[in-house]
Structure formats: structure tokens, C-alpha cells
1. Using Cα atoms only, what is the angle between the long axis of helix 109-131 and the major principal axis of the chain, expressed in degrees (0 to 90) to the nearest 10?
2. For the chain, what is the calculated [θ] at 222 nm in deg cm²/dmol (nearest 500), taking -39500 (n - 2.57) for each run of four or more DSSP H residues and dividing by its residue count?
3. Report in % the part of the accessible area of segment 10-143 that belongs to carbon and sulfur, leaving out ligands and nucleic acids; probe 1.4 Å.
4. With a 1.4 Å probe and all protein chains in place, put 18, 39 in order of accessible area, largest first.
5. Please list, in order, the residues from segment 8-42 whose amide nitrogen is less than 17 Å from a point placed 7 Å along the Cα→Cβ vector of residue 52.
6. What residue among 79, 16, 114 shows peak mean-square fluctuation when the chain is described by a Gaussian network model with Cα springs under 10 Å?
7. Once the piece of chain linking residue 17 and residue 5 is laid out straight, how much longer is it, given 0.36 nm per residue of separation minus the C-alpha distance between them?
8. Please work out how much accessible surface residue 91 shows to a 1.4 Å probe, ignoring ligands, DNA and RNA, in Å² rounded to 10.
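The values are calculated or read from the model by the stated rules, or taken from the named source; none is laboratory data. Just so it is clear, the structure is predicted and the values come from calculations on it, not from any experiment. Please note: Cβ atoms are built from the backbone with ideal geometry, for glycine as well, and neighbour counts cover all protein chains shown. Areas reflect the complete protein model, heavy atoms only, side chains present, ligands, DNA and RNA absent. Shrake-Rupley method; radii C 1.70, N 1.55, O 1.52, S 1.80 Å.
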Amino acid sequence: MKKPIDFINEQNILAARTQVVLVWVIFLLCVCLAPWYNTWIELLLIGLPAAIVPTLLYKLMPEKRVTHVSVGLSYMVLAALMIHQGHGMLELHFSIFVFLAFLLFFRDWLPIVAAAGLIAVHHLSFNYLQGESYNVFVFPTKS
């Protein structure tokens, strides 16, 4: 008979495996957005590491909390990348809420809070940088 901790570990591993697959699906969406505004460098420097890190953590320790948090942070980095790739397109902001909902599969508050904190800091800092005319995008520019 399985112990409760075995069941919890199995569920955590299943959740991590599913979430890592979703990270790579989101990365492929970013690949599709790259030709739009020629954001290939951002894709390789930001998107690729954001997909690789949770994948490596999943391979090393799939049931650990650090893996779950890394997936949440990866989701928000990829959401921020998508928003940047779309030059602040408001519709791409909805990906944040979708990705936060995916994190419910972990049944843990920490990945959600970490991801929400990261995207909040991203929006505050990138809003400032965009206002200072840096080449970053978080909201649509007035043309």
C-alpha cells in the first residue's frame, strides 16, 4: 500500500512534467512571434534560458518546490517576452493570467506568489524604462 507521501510525490512529478511541456509550448509561441518585430536575439537570450532552467531542474529534482517555483518564474519571463515581442500589445497581457492559472496544478501557493511578484516587478521596471525611451515594451506606444 502506498503511503500518502508517495502519492504526493507522484502528483508533484506529474505536475512538473506537464508544466515543463507547457513551458516548451509557450517557448514555441515565442518562436512564432520572433519574426514579427525581429526579436530573435531576445528569444535566444531570454526565452531559451527561461525554458532550459525549469527543464534541467525537472530532470534533477522533479518533486521539489524549487522546480515548481522555477516553472512559475519561467512562465512570467516568457509572458514578458511575448509582451515585448508584440510591442506591448494588450491582448498578450492575458497570457499572464492564463499562466498563473496553470500553476494551480502544483497545489502550492509559493509558485503563484513568486510568479506574480516577478511579473509585477517586470511591469513596474519596464514601464519606467519604456517611459525613458529604452527599447523595451510593456504597453503599446502612441504612434
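1. Relative to the chain, helix 109-131 is tipped by roughly 10 degrees.
2. Numbers: 5 runs with 100 residues, N = 143.
Result for the chain, helices only: -24000 deg cm²/dmol.
3. Values: 5370 of 7310 Å².
For segment 10-143, the apolar C and S fraction of the accessible surface comes to 73 percent.
4. Numbers: 18 55, 39 5 Å².
My answer, sorted largest first, is 18, 39.
5. 23-25, 27-28, 31, 40-42
6. Comparing 79, 16, 114 in the GNM, the peak value goes to 114.
7. Values: separation 12, 0.36 × 12 = 4.32 nm, distance 1.82 nm.
Computed gain between residue 17 and residue 5 is 2.5 nm.
8. Spelled out: residue 91, probe radius 1.4 Å, area about 120 Å².
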